[in-house]
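As structure tokens, the structure follows; a few thoughts come after it.
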Amino acid sequence: MGATTSVHRTIDAVWRMESAKVIAALARYTRDVGLAEEMAQDALVAALEQWPEEGVPKNPGAWLMTTAKRRAIDQIRRRENFNRKVEEIGRDVQEATPDASEGIDDEIGDDLLSLIFTACHPVLGTEARVALTLKMLGGLKTEEIARAFLVSDSTVAQRIVRAKKALADAGVPFEVPEGPELQTRLASVLEVLYLIFNEGYSATQGDDWMRPELCAEALRLGRVLAELAPKEAEVHSLVALMEIQASRSKARTGPGGEPVLLLEQDRGKWDWLLIGRGLKALERAEALNQPPGPYYVQAALAACHGRARRPEDTDWQRIATLYEVLGQISPSPIVELNRAVALSMAYGPAAGLALVDEISGAKALQGYHLLPSVRGDFLLKLGRTKEAKAEFEKAASLTRNERERTLLLERAAGC
């Protein structure tokens, strides 16, 4: 039993590392992402059946690739119209054995990049893009994705099935777009990665303040993308942003799992290695001399905090200026709310409150718990405790995260 368990753990680790490469290579051959994912899963099942009995092969990635290709050949042979594809795939693997050291294709970088752009295609809804990305590129199981986003296994499974069907119905090509379309599609890819990261960094619902596994997965995929697209400044900028934000993870919760706000965190618990990596990624983005995008500005904002060894060392005036720049690039009431916080730190709570009151009628902020939370903080600093208490209570009623609700109610009680 112990040996079998060990092999299963090995298979799980190999799958996490190799599945995206296998799916990407198969998708290039078959031009069908759904079929590629299905054949890769068949290879995984074969590994679970054979490796405990026969042992782990010397090159497990090659074994999975060869087995998956064979399954693809069998599947395509059943379709009379795909004889040409059978020849393309079968030419060099028909005589191969699963232990052959064929390795991963030389074109795997292009394949992975194509898979990322396919999984994050705008033809899919946001939730479908996130689920498909985590499934195909992250190697996560359906139940793991469901657990991370607090939805049922069947919901995630349906999203993935519908996503693959939507890609097939729309005839989405398995390729990296070029020209103006590249920037449009790249924005979709970066949005998906940052959505995954943010759900891990500040969970929107449930009992946990953070879900570190999602942060780690988004950061891993971001690093992969930076290697595959080294000349895209916004890719390096997003990696920089996630590296610096992730550096605070251990300081963001107290002993009981309760949230600890930025200015109250023990910066000795920050991961300064991650901060250094983030600053390097930001330098790579700057070196490309491309017009600043939203992720570059957000990374520059994060760097202001990352460079401050003490809260009082934070350059709040620069942060307020950067939020103004971000508001020009990506106008949003959320950006303005963050600028209000920066203004309050740089010029006093009255300056922040004035901006908050100015934007409070924005539709995007209705039902957004951070609006009354921020307003309550300004009112408290101005000595208007009764009004602050009401704002904190309102914010607590709006959030879906239990940890955050507890924190807000404690702040209300403290008024």
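Among the residues making up the range 250-268, those that are assigned to a helix (DSSP H, G or I) and either over 23 Å from the mean Cα position of the chain (by Cα) or aromatic (F, W, Y) (or both) are L263, E264, R267, G268.
A residue that is at pLDDT below 85, surrounded by 17 or more Cβ atoms within 10 Å (Cβ to Cβ) and of a type outside the set (S, T, Y) cannot be found anywhere in the range 46-53. Of all residues in the range 136-153, those satisfying the criterion of being assigned to a helix (DSSP H, G or I), at pLDDT below 85 and surrounded by 14 or more Cβ atoms within 10 Å (Cβ to Cβ) are M136, E144, I145, A146, R147, A148. Of the candidates P177, P230, the single residue that is modelled with pLDDT of 90 or more and not in a helix (DSSP H, G or I) is P230. Return yes when G376 is over 25 Å from the mean Cα position of the chain (by Cα) and within 24 Å of R405 (Cα to Cα) and no when it is not. Considered against the rule, which asks whether it is over 25 Å from the mean Cα position of the chain (by Cα) and within 24 Å of R405 (Cα to Cα), G376 comes out as yes.
Over 26 Å from D111 (Cα atoms) and either in contact with a helix residue (DSSP H, G or I) (Cβ under 7 Å, 6 or more places away or on another chain) or surrounded by fewer than 23 Cβ atoms within 10 Å (Cβ to Cβ) (or both) - does that describe any residue in the range 8-15? Yes, the range 8-15 contains a residue that is over 26 Å from D111 (Cα atoms) and either in contact with a helix residue (DSSP H, G or I) (Cβ under 7 Å, 6 or more places away or on another chain) or surrounded by fewer than 23 Cβ atoms within 10 Å (Cβ to Cβ) (or both).
Cβ-Cβ distances below 7 Å connect the following pairs, each with a first residue in the range 352-378 that is closer than 17 Å to A396 by Cβ, a second residue that is among the acidic types (D, E) and in a helix (DSSP H, G or I), and a separation of six or more residues or different chains: P372/E391; R375/E391; G376/E391. T184 falls short on exactly one of the conditions (1) assigned to a helix (DSSP H, G or I); (2) at pLDDT 85 or above; (3) of a type in the set (V, I, T), and that condition is (2).
Residues that are closer than 25 Å to G257 by Cα and among the charged types (D, E, K, R): find the helices (runs of 4 or more DSSP H) completely inside the range 300-410 holding 3 or more of those.
Passing ranges, in order: 385-398.
In the range 16-45, which residue that is among the small types (G, A, S) and under 20 Å from V172 (Cβ atoms) is surrounded by the fewest Cβ atoms within 10 Å (Cβ to Cβ)? The qualifying residue surrounded by the fewest Cβ atoms within 10 Å (Cβ to Cβ) is G34. Scanning the range 255-266 for residues that are of a type outside the set (D, E, K, R) and surrounded by fewer than 14 Cβ atoms within 10 Å (Cβ to Cβ) returns P255, G256, G257, L261, L262, L263. The single condition from (1) surrounded by fewer than 16 Cβ atoms within 10 Å (Cβ to Cβ); (2) in contact with a His (Cβ under 8 Å, 6 or more places away or on another chain); (3) among the aliphatic types (A, V, I, L, M) that L398 fails is (1). Kindly establish whether V161 is within 20 Å of G34 (Cα to Cα), crowded, with 16+ Cβ neighbours inside 10 Å and either without any contact (Cβ under 8 Å) to a residue 60 or more places away in the chain or within 21 Å of the chain's Cα centre (by Cα) (or both). No; evaluated as a whole, the condition is false for this residue.
The condition (being of a type outside the set (K, R) and part of a loop (DSSP other than H, G, I, E, B)) is satisfied by just one residue among V156, V161, V172: V172.
Every listed requirement among (1) within 30 Å of R411 (Cα to Cα); (2) surrounded by fewer than 21 Cβ atoms within 10 Å (Cβ to Cβ); (3) modelled with pLDDT of 95 or more; (4) not acidic (D, E) is met by Q298 save one, (2).
Per this entry, E191 is not counted among residues that are under 14 Å from A131 (Cα atoms) and buried (at least 19 other Cβ atoms within 10 Å of the Cβ).
Of everything listed in (1) under 21 Å from Y295 (Cα atoms); (2) at pLDDT 85 or above; (3) surrounded by fewer than 17 Cβ atoms within 10 Å (Cβ to Cβ), the single unmet condition for V130 is (3). Here R339 qualifies as closer than 20 Å to R318 by Cα and either surrounded by fewer than 22 Cβ atoms within 10 Å (Cβ to Cβ) or free of Cβ contacts under 8 Å to residues at least 40 places away in the same chain (or both).
Restricting the search to the range 365-388, which residues are of a type in the set (V, I, T) and under 13 Å from A340 (Cβ atoms)?
V374
When L241 is tested against the conditions (1) crowded, with 20+ Cβ neighbours inside 10 Å; (2) modelled with pLDDT under 95, the lone failure is (2). The residues on offer are L273, L228, L279, and the sole one that is within 28 Å of A24 (Cβ to Cβ) and among the aliphatic types (A, V, I, L, M) is L228. What number of residues within the range 301-318 are surrounded by fewer than 16 Cβ atoms within 10 Å (Cβ to Cβ) and polar (S, T, N, Q)? The total comes to 1.
The values are calculated or read from the model by the stated rules, or taken from the named source; none is laboratory data. Treat the numbers as computed from the prediction; the structure is a model and nothing was measured. Every residue, glycine as well, gets a Cβ built from its backbone with ideal geometry; the counts of neighbours run over all protein chains shown.
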